[in-house]
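Visitor: This structure is in structure tokens; I'll ask about it shortly.
Nothing in this text is a laboratory measurement; each read-out follows from the coordinates by a stated rule. Because the structure is a prediction, the values reported are computed rather than measured. Cβ sites come from the backbone with ideal geometry, for glycine too, and all protein chains shown count toward neighbours.
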Amino acid sequence: MKMTHLLLAGAVAFALSDVGLAQDRSSTLPGEATAHRPGLFTTPDALPEPLPAAGDAGIGGGVLEALPKPADLPASLFAPPPPPSPLEGMLRVDAPYFVRDPRLDSPEFPSPGWFSGIELQVLKPHVLNGLSGTVRNRAQMANQTSTIVALPSAPLDWTVSPRVFLGYRLPSGFGEFLVAYRHLGTEGRGSGPGGQGASTLNSRLAFDMIDFDYNSRELSLGPDWDMKWTLGIRTLFMFFDSRFNQPFGQAAAGNGIFQARQYNNIAGAGPHAALDLVRHLGNSGWSLDFRTDFASVFDGSHIGFLTRSTTLGPDGRPLSGETRRFGTQDTPILNIRAGATWQPSRNSSTRFFLGYQYERFWALDSLPSTATTPPSVGQLWQQGIVLQATFNY
């Protein structure tokens, strides 16, 4: 019994001492280090708190003051922040592309995305047909004679030349891509060269033009000016001919040729460049537009000359002769237009242009001279009115 009482008294004394230690430990403040309170929990190898240096007074506080600091602390860490750089606010190299720019993508400029348009050109073409070639039929080969075919072009009629285009405009001034197709076709009728009576001269002209371009707008001329330059490739497919006809009996009494024809087929491609200048007239929606367009097409030409004479062959039919020539050439093309553009409102997706156009093609049938024929040099020039409508999506 005595032993039991002793064990029970020891257990109660140990429990009371544990409660006292817990109360003593909870009375320590959260920010107060236990190393400052002597007792059972003070270890002999505990390091004392580092004291703040004299030059660090007023810097930091609490735990930050107590932390050790390097001896040579860089002064730049405590210097005031530098003034903002003049390049601050500009597009960074690591910034994403095609970010909307309030100046380049403002409502007064065409919005990014798809756009298309149609253009009608009411033109009066003029062809300087300088084709010249020598033709021999079977009888002329035997007689060592020949006929020189050099027909002019009859006056061509007024015509409407449509042009359609489709493009995609990139945001933030990154330019636009455009594909344009244009067609022109016309013909004319006049009197034959040196012919008598009912001789006639018929001429035809047709071409198809396709442009693959990249356009970029510049804003360097002032707040009311727009400038856009174009670089691309132009393809050209052109055909023109002249045909001379006179009655058979009339030809027999003359040079013996009652039908003659000459033609030229051109196909090629080359560089294309253009410059557009636009002057806005305030907030009226109107602007003055000027455009110069130049291309240099490297093409191949297929030129032919045909005759039908009053001399009959063994089969009783008129003898005919034909000469063909092939070659390459460079055809420069210049287009100049000026007019006015109207946009119903700044946010409108539709624009209309009305103006005047002059266009010229050089060296359409440039062939060197031979022993019997002079050099061939041909040109085309045309002028008229242009109406264009553009739609943005």
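Visitor: Would you be so kind as to identify which of 259, 272, 209 lies farthest towards the positive end of the dipole of region 113-392, taking Lys and Arg as +1 and Asp and Glu as -1 on Cβ and the Cα centre as origin?
Guide: The listed residue farthest towards the positive side: 259.
Visitor: Continuing with the same structure: Using a Förster distance of 22 angstrom, determine the FRET efficiency expected from the C-beta separation of residue 141 and residue 253, and round it to 0.05.
Guide: 0.40
Visitor: Residue by residue through region 162-179, what is 3J(HN,Hα) from phi via Karplus (6.51 cos²θ - 1.76 cosθ + 1.60, θ = phi - 60°)? Round to whole Hz and write x for glycine and proline.
Guide: Ordered by residue, 3J(HN,Hα) equals x, 9, 10, 8, 9, x, 10, 9, 7, x, 6, x, 8, x, 8, 10, 8, 10 Hz.
Visitor: Using Cα pairs closer than 8 Å and at least 6 residues apart in sequence, work out the relative contact order for region 113-392, in percent.
Guide: Normalised by residue count, the contact order of region 113-392 is 19 percent.
Visitor: Once the mean 1/r over all distinct Cα pairs of region 286-327 is inverted, what Kirkwood radius in angstroms do you read off?
Guide: 15.1
Visitor: P(r) tail for region 113-392, what percent of Cα pairs lie past 30 Å?
Guide: When every Cα pair of region 113-392 is considered, 43 percent fall beyond 30 Å.
Visitor: How much length is gained if the chain between residue 340 and residue 221 is pulled fully straight, taking 0.36 nm per residue apart and subtracting their Cα-Cα distance, in nm to one decimal?
Guide: Gain on extension, residue 340 to residue 221, equals 41.0 nm.
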